[in-house]
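*Asks:* Encoded as C-alpha cells, here's the structure I'll be asking about.
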C-alpha cells in the first residue's frame, strides 16, 4: 500500500508539472511575426540550446537557435524561419550567411518553404550578404526565466539547388520581424 501511495504521489506531481508548463509538446512557446515581401507572416516560436555537433562555433551555454514555424489551418508546416547560432546577450547582431564562416559573426538566418502535409521542402533561402541591413536585435533576455524577445530583418536568396535551370534565384525581403519566446531547457 505504501508503494502504491508513493507511486500515485509521484504520478500526480509529474502530471501537475506538465499542466503548468508554458511549453507545448514540442518545446515551443511564444510567437514570431514578420513581413515577407510585404505580406504578413507569423509562426510559433521555439528557442533551444544548441547541443552536440550543432553547437559548432558556440561556447558552452552561449548559443541558441530560434525557430518560427508557420502552419496552415490544418496544422501543416508551410514556412520556417531559423535564427541560428544566437549569442545569449542583448544587442544588435549582424547576420551571416547560412553557415557561420567568420568567428566574429556567428548568427545566421534561413527561411524555408514547405508543401503537401508539411514534409516536403520546396525552397530554401539564406542571407546572401553580410551587412548592417541583415540583423537580429535581442531587446530583452532574462537567463533566469528564459524569456527572450527581439527584432530581426534580412534579405534572403533562394539556394541554387531550388532554382529551376535558367532562372534567377528568388529574393525575399523579411522586414518588421519581431518575436517573444522562452528558452526550452530539457
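The values are calculated or read from the model by the stated rules, or taken from the named source; none is laboratory data. Only a predicted model underlies this, so the values are computations on that prediction, with no experimental measurement involved. Cβ coordinates were reconstructed from backbone atoms using ideal geometry, including for glycine residues, and neighbour counts include every protein chain displayed.
*Asks:* Read through the list (1) assigned to a strand (DSSP E or B); (2) at pLDDT 85 or above; (3) surrounded by 12 or more Cβ atoms within 10 Å (Cβ to Cβ), then give the number of the only condition that residue 123 fails.
*Replies:* (2)
*Asks:* So which strands (runs of 3 or more DSSP E) stay within segment 1-82 end to end and still have 2 or more residues that are more than 30 Å from residue 157 (Cα to Cα), within 18 Å of the chain's Cα centre (by Cα) and at pLDDT 85 or above? Walk me through how you get there before you give the answer.
*Replies:* Numbers: elements: 28-36, 39-49, 63-71.
So the answer is none; nothing clears 2.
*Asks:* Something else now. For segment 94-113, which positions are in a loop (DSSP other than H, G, I, E, B), surrounded by 17 or more Cβ atoms within 10 Å (Cβ to Cβ) and at pLDDT 55 or above?
*Replies:* If the condition is that a residue be in a loop (DSSP other than H, G, I, E, B), surrounded by 17 or more Cβ atoms within 10 Å (Cβ to Cβ) and at pLDDT 55 or above, then 95, 97, 98, 106, 107 are the ones that fit.
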